[in-house]
Amino acid sequence: RSRITCYVFPFPGAVYAAAGSDMAARQCFHHAAELDPLNGYAFALLAYELPGTDCVEVNGVSMNALQCYLKAAELEPECASAFVGLGKELIGSNSIDVNGVSMTQRDCYQRALKINPNSTDAQTELQRLDQADAAPAGPTATVALPATTPPVQQTPSPQTNSVASSNY
């Protein structure tokens, strides 16, 4: 495949994304992925532009952001943004198989940092995971109770006795 295709077709999408035109960027990355289905970078960029649970059809296959990032990581194992994206798409303790390796969120971010030690996205996400791991497991509340509680005395009321002796 031509390396020119890999870098030329996504370029206008990057320009649109930088200008804030997300739909135009998405269309460019989608076009690049269809023209060169072996271009992992196009899939990573397309995934980044897919909001929420949106899907896009690439050469007859419907894909969401997680699937696009996975394809990007499989095609371009040295694409740090693909691994950051996979980490962000994984929820909780779920894992995903990438090129035969089961990876958690943390694994994805660590892989991204191994590829690009200056990835601020991967660093930020790992710090977020560390903070979540260090946080208490659940909500806690402190209740202050008096050292001793005075005994409560109950005296039967006359109405209580009359109810008890009725024929109910």
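Derivation of every value follows stated rules applied to the coordinates shown; laboratory data play no part. From a predicted model like this one, the values you see are computed outputs, not experimental measurements. Virtual Cβ from ideal backbone geometry, glycine too; neighbours counted across all protein chains shown.
When residues in the range 22-38 are screened for being in a helix (DSSP H, G or I) and of a type in the set (Asp, Glu), 2 of them pass. Tallying residues that are touching a Lys or Arg at 6+ places or on another chain (Cβ under 8 Å) and either acidic (Asp, Glu) or within 17 Å of GLN127 (Cβ to Cβ) (or both) within the range 85-104 yields 1.
Rundown of residues vs (1) within 19 Å of ASN116 (Cα to Cα); (2) surrounded by fewer than 21 Cβ atoms within 10 Å (Cβ to Cβ), yes/no style:
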site: ALA33; (1), (2): no, no
site: GLY40; (1), (2): yes, no
site: PRO51; (1), (2): no, yes
site: ALA72; (1), (2): yes, no
site: SER81; (1), (2): yes, no
site: GLY87; (1), (2): yes, no
